[in-house]
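What follows is a set of notes on a single structure, which appears directly below.
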Amino acid sequence: LHRCRSCEAVERERTLAMIKPDGLSGNYKEKIKEAILGSGFDIIEEAVVHLDAERASLFYAEHADRSFFNSLVKYMTSGPVCAMVLESPDAISRWRNLIGPTDARKAKTSHPDSIRAMCGLDSEKNCVHGSDSPQSAAREISFFFRDDKSGWRLCFH
Ligand code: UDP
């Protein structure tokens, strides 16, 4: 747990969670939200959006050179996604642990209680996303949401 250096309070952290197109089309949204709330996360923001190819490519820009990139963009644009900002102590690593490993087939044996084991199909269609570092959490939260003083707003529709 990260603690404040002066007052020792446990610091809360935010991460971006996303239910990918297969998660929404497979009707896993409520089950996934139950797992989120049951694990003690607060859902700070939530929005359902349909990414176009440009947005999906931008979100996964770090994978642009990978052989699976075109297929990944096709998958991520195949239907709407649900983006959420989760908050809790150690939210980034706790959410990564809850979703399980990237390959949902492996998750079913190594992490049978994980969300990817429950809802995912393979190494591409793995149902959910989670930021993997404080830097990517900051980038991915601001990819979807911005704070314009009067409150949080979705960046695009
Ligand atoms: N992906 C894929 N094939 C692979 C590896 C990854 O299609 O061999 C997809 C998968 O949907 C994954 C996403 O690309 O969630 C991002 O990959 P990353 O390695 O960042 O995994 P994650 O952080 O999502 O577990």
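Points worth noting:
- Screening 83, 107 for residues that are under 20 Å from residue 31 (Cβ atoms), in contact with a strand residue (DSSP E or B) (Cβ under 7 Å, 6 or more places away or on another chain) and surrounded by 14 or more Cβ atoms within 10 Å (Cβ to Cβ) leaves exactly one candidate, 83.
- A single entry from 19, 44 fulfils the requirement of being buried (at least 20 other Cβ atoms within 10 Å of the Cβ) and not polar (S, T, N, Q): 19.
- A search for C-beta distances below 7 Å between a residue of the stretch 23-44 that is modelled with pLDDT of 95 or more and any residue that is part of a loop (DSSP other than H, G, I, E, B) and of a type outside the set (Asp, Glu), counting only pairs 6+ apart in sequence or on different chains, returns 23/127; 24/79; 24/80; 25/79; 28/127.
- Checklist (1) surrounded by fewer than 17 Cβ atoms within 10 Å (Cβ to Cβ); (2) within 30 Å of residue 3 (Cβ to Cβ); (3) within 12 Å of the ligand (Cβ to nearest atom) applied to residue 70, failing item: (2)
- Taking (1) under 15 Å from residue 137 (Cα atoms); (2) assigned to a strand (DSSP E or B); (3) more than 11 Å from the ligand (Cβ to nearest atom) in turn, residue 18 satisfies each apart from (3).
- Test: residue in the stretch 42-55 that is within 15 Å of the chain's Cα centre (by Cα), closer than 24 Å to residue 146 by Cβ and within 12 Å of the ligand (Cβ to nearest atom): no
- Any helices (runs of 4 or more DSSP H) falling wholly within the stretch 85-145 and containing at least 2 residues that are touching a residue at least 24 places away in the same chain (Cβ under 8 Å) and more than 10 Å from the ligand (Cβ to nearest atom): 91-99, 115-119, 134-144
- Within the stretch 56-84, the set of residues being within 14 Å of the chain's Cα centre (by Cα) and in contact (Cβ under 8 Å) with a residue 40 or more places away in the chain comprises 59, 76, 80, 81, 82, 83, 84.
The values are calculated or read from the model by the stated rules, or taken from the named source; none is laboratory data. Quantities reported herein were computed from a predicted structural model and do not represent experimental measurements. Every residue, glycine as well, gets a Cβ built from its backbone with ideal geometry; the counts of neighbours run over all protein chains shown.
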